[in-house]
Amino acid sequence: MSAGSRRPAALAPALLLSLALAACGSLPERAARPPAGTPAEQPAARPTPAGRIQLADDAHAQDAVIYALGLIGNHYQFGGRNPDSGLDCSGMVSWIYEQVAGVRLPHNAAQIAKIARPIDRRALAPGDLVFFNTNGTPHSHMGIYAGEGRFIHAPSTRGKYVRTDRLDSGWFAARISGLRTLRREG
């Protein structure tokens, strides 16, 4: 099995160790999800009347952060949509949400912005999506908010690898073009 095809559960021990070393605290216990195909399983996402996508289980947003942390250091590849061949920003987000929630998102930051619900900065929570205007076009770059002012993304600059950056850093702060969520409203 290749590293890119591992399920989040296979990454859990390494991620828990790295979180503990980084003094991030512990992860909450969650009840086991039913096996795929069982009647108790809920759909991974459902469309809203406004044409947006929302997760059936908001816990998937936190799972997305954990999965994204495991991708730090993977190389950037324009058009890349999986860790084995490299990732670009929307490819990373699309790959992660498909793995953790079974949701297939477009491989385009602007299209993902259209189907995710806009939120205020005060409502930003881990697993939400942050968008930037990096080339004169709103929503031309994106990442996953990790909490405490940090986000995980696959930039094409400075080393070309998946990494974390601060939302309030001068360069990124000046280019935020949207904050969105896939969590349920309410």
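The values are calculated or read from the model by the stated rules, or taken from the named source; none is laboratory data. Keep in mind it's a predicted model, so treat the numbers as computed, not measured. Here the Cβ positions follow ideal geometry from the backbone for every residue, glycine too, while neighbour counts run over all protein chains shown. The area values use the complete protein model at the heavy-atom level, side chains included, leaving out ligands, DNA and RNA. Shrake-Rupley method; radii C 1.70, N 1.55, O 1.52, S 1.80 Å.
Observations on the structure shown:
- For the range 48-186, the solvent-accessible area works out to 43 Å² per residue, with a probe of 1.4 Å and every protein chain left in place.
- Under-5 Å amide H pairs with residue 56, H placed in peptide plane, nonlocal only: 45, 46
- Contact order relative to length of the range 81-160, as percent, for alpha carbon pairs under 8 angstrom and 6 or more apart: 26
- Expressed as a whole percent, the accessible surface of the range 100-164 that belongs to carbon and sulfur atoms is 46, based on a 1.4 Å probe.
- Across the range 46-182, C-alpha contacts under 8 Å between residues 6 or more apart give a mean separation that, scaled by the residue count, equals a relative contact order of 27 percent.
- Full-extension gain in nm, residue 133 to residue 171, via 0.36 nm per residue minus C-alpha separation: 12.6 nm
- Distance between the 7 Å Cα→Cβ label points at residue 156 and residue 72: 2.5 nm.
- Cα gyration tensor category, rounded, prolate or oblate, for the range 52-99 with a/c compared to 1.5: oblate
- Three-way shape call for the range 92-186 based on the alpha-carbon gyration tensor, with the a/c threshold at 1.5: rounded
- The simple Förster model, with R0 at 30 Å and r as the Cβ-Cβ distance, assigns residue 85 and residue 110 a FRET efficiency of 0.85.
- Remark: spin-label model distance residue 123-residue 164 equals 2.5 nm, labels positioned 7 Å along the Cα→Cβ axis.
- Put the Cα centre of the range 68-103 next to the Cα centre of the range 142-179 and the gap is 15 Å.
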